[in-house]
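Structure record follows, encoded as structure tokens.
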RNA sequence: GCGCCUAUAGCUCAAUUGGAUAGAGCAUCUGACUUCGGAUCAGAGGGUUGGGGGUUCGAGUCCCUCUAGGCGCACCA
């Protein structure tokens, strides 16, 4: 963990006969700083020593002698509490951040192992809705987090560009489509056709059958179907790329479902060859009954393949191509069963790496308590949300900082940051009820708050006018607020790992808010630039560390950190 | 019907994976140094952690049960 905890572990293990790792796991940070900097709960010892935890804590406390790093040891109830040398704490943390700069928190745990992240993956011919925001920003943040930890990270956009739905779109276009309209506003046109098709379909069930036929044609390489499909696909990609550019997101591989079309047959043959496939109700399936799951459909009765088939082929292709350490699927929780089936089939096929596939699931974005559905046609466009946020950001800049030089750029960074942060700050597994006021919140726990704090720190550094140097007298760092900040900074590398282990970018959000809140409190209560040169130098050293850590943390979320706003 | 997820302050969410007195933001009200950025900060009110049982030194967190909501469960993705 750090040198202080190492020291504490050494002290305890010298007195009590339990494994060091067990001590390490138990050492914690007390909820209130007044209690101490670190604590060791003695409950675990009470069985071994057959004494009350309170008694053990008292006994141990009286036998410890302070060291250079650990200055006070005392007991409070069943807890053994430690206070560390503030000077040494400040020195170890701040000098490390000074050395590493924005690499602080980097790590080689990844050791060049490859992690695949399948995220965003929108369906072509459909608008990029707010519902796609979560997978997009979570996936992108995980990319930054794992890259920071030394993994080779591959961003895959698994476009939904194949399947029966395109039979529907092709058919709808042939029945009601208009070339001019399509050219003018491709996605909206295709989307209208799609929605209309679903309406008509309810009245006339024959349409569904016909649409299925069109997809079958597409899969078999029919020229008319293929030409239309290609047109729809390229128009859609253009629109998606516009959104990705706004968000500052890139991919290493854009391989949609269609990419695996020629691997369907070999994949199915392989599954058959391993004796896993069977015919059931005219469809080709892998029976998963003994695992308590419904069968995994490989081929429909009309012989067309399904989502699952393509995902199996894709997983195998990915393993053969990348030999991944882990393969993540950032996809909504509604598809949980699908991924359980997928991973189970891969496992049954004898692939050990099936255990390295992870469904990183997340809750819905609802609107006014209702599910947003592309089929029903109630959808909020992501681009609209981003534009509205940028516009709001522009207005606020005009009001508060009209002299700002690169207004447009900053308005974008702040507006987009707000939307990304609003989404990432909630734990993955919760549903989000989309609310304009909340998505566009610029104060409180928000990206603009973090960015504002960052800009404020930059402003201090400009005002200081001197390079921030390493010759600092750490002894002058003494206020509670400063110590709190330093401890927070110290925890940052652990937070990154914690976020990675749990695939949970929200932990980074919480950390940043916490750091900002504590800095702003400090800033309010203490002057930083004063007549006392030694104190000023030391505080500016802290300021620099906080500034670079904020920028560092924001970058893990895919958010910019402007120096002025 | 079966399976999975969710329920914490008026609203939106935290709580370092079982630890010390459950914390923030928003909203409401009251305030803030005639020098560092007020997109900030301080204070106030606001809780039977959905109900009930259990496990243990200790439960918002684990188990059981009930309630409410959501998602999924064969040819959509």
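Some values worked out for this structure:
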| read-out | value |
| --- | --- |
| Residue check for residue A:507: part of a helix (DSSP H, G or I) and within 10 Å of RNA strand B (Cβ to nearest atom) | yes |
| Of all residues in the stretch A:238-280 being part of a strand (DSSP E or B) and surrounded by 17 or more Cβ atoms within 10 Å (Cβ to Cβ), the one that is farthest from the chain's Cα centre (by Cα) | A:277 |
| Residues of the stretch A:392-404 classified as surrounded by fewer than 17 Cβ atoms within 10 Å (Cβ to Cβ) and free of Cβ contacts under 8 Å to residues at least 40 places away in the same chain, total | 6 |
| Test result for residue A:518, within 16 Å of the chain's Cα centre (by Cα) and either under 27 Å from residue A:4 (Cα atoms) or within 11 Å of RNA strand B (Cβ to nearest atom) (or both) | no |
| Residue check, residue A:562 surrounded by 14 or more Cβ atoms within 10 Å (Cβ to Cβ) and in a helix (DSSP H, G or I) | no |
| Residue A:498 near RNA strand B (Cβ under 10 Å from one of its atoms), under 30 Å from residue A:398 (Cβ atoms) and part of a helix (DSSP H, G or I) | no |
| Filter pass, residue A:447 being within 12 Å of RNA strand B (Cβ to nearest atom), under 30 Å from residue A:135 (Cα atoms), at pLDDT below 95 and buried (at least 21 other Cβ atoms within 10 Å of the Cβ) | no |
| Among residues of the stretch A:451-477, those that are more than 9 Å from RNA strand B (Cβ to nearest atom) and more than 19 Å from residue A:97 (Cα to Cα), counted | 1 |
| Considering residues of the stretch A:281-316 that are assigned to a helix (DSSP H, G or I) and surrounded by fewer than 16 Cβ atoms within 10 Å (Cβ to Cβ) only, the residue farthest from RNA strand B (Cβ to nearest atom) | A:290 |
| Pairs with Cβ under 9 Å, 6+ apart, first in the stretch A:66-80 and part of a loop (DSSP other than H, G, I, E, B), second modelled with pLDDT of 90 or more and near RNA strand B (Cβ under 6 Å from one of its atoms) | A:78/A:41 |
| Given (1) within 16 Å of RNA strand B (Cβ to nearest atom); (2) in a helix (DSSP H, G or I); (3) closer than 30 Å to residue A:66 by Cα, index of the condition residue A:132 fails | (3) |
| Matching option when the condition is loosely packed, with under 14 Cβ neighbours inside 10 Å and either part of a helix (DSSP H, G or I) or near RNA strand B (Cβ under 8 Å from one of its atoms) (or both), among A:7, A:17, A:25 | A:25 |
| Index of the failed condition, residue A:116 passing every other in (1) out of contact with any strand residue (DSSP E or B) (no Cβ under 9 Å at 6 or more places or on another chain); (2) assigned to a strand (DSSP E or B) | (1) |
| Qualifying residue in the stretch A:62-70 (condition: closer than 24 Å to residue A:538 by Cα and surrounded by fewer than 14 Cβ atoms within 10 Å (Cβ to Cβ)) | yes |
| Residues of the stretch A:327-347 that turn out to be touching a residue at least 60 places away in the same chain (Cβ under 8 Å), surrounded by fewer than 18 Cβ atoms within 10 Å (Cβ to Cβ) and either in a helix (DSSP H, G or I) or touching a helix residue (DSSP H, G or I) at 6+ places or on another chain (Cβ under 6 Å) (or both), as a count | 1 |
| Condition broken by residue A:222, with the remaining ones in (1) under 18 Å from residue A:305 (Cα atoms); (2) under 37 Å from the mean Cα position of the chain (by Cα); (3) away from RNA strand B (no atom under 15 Å from the Cβ) satisfied | (2) |
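Yes/no per residue for (1) over 29 Å from residue A:492 (Cβ atoms); (2) away from RNA strand B (no atom under 15 Å from the Cβ); (3) without any contact (Cβ under 8 Å) to a residue 40 or more places away in the chain; (4) surrounded by fewer than 19 Cβ atoms within 10 Å (Cβ to Cβ):
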position	(1), (2), (3), (4)
A:39	no, no, no, no
A:44	no, no, yes, yes
A:51	yes, no, yes, yes
A:89	no, yes, no, no
A:95	no, yes, no, yes
A:104	no, yes, no, no
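A quick yes/no check of all residues on (1) without any contact (Cβ under 8 Å) to a residue 12 or more places away in the chain; (2) under 25 Å from residue A:359 (Cβ atoms):
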| residue | (1), (2) |
| --- | --- |
| A:268 | no, yes |
| A:273 | yes, no |
| A:282 | no, no |
| A:286 | no, yes |
| A:294 | no, yes |
| A:301 | no, no |
| A:308 | no, yes |
| A:313 | no, yes |
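The values are calculated or read from the model by the stated rules, or taken from the named source; none is laboratory data. The shown structure was predicted, so the numbers you read here are calculated from the model rather than taken from an experiment. Glycine also receives a Cβ, built like all others from the backbone with ideal geometry; neighbour counts cover every protein chain displayed.
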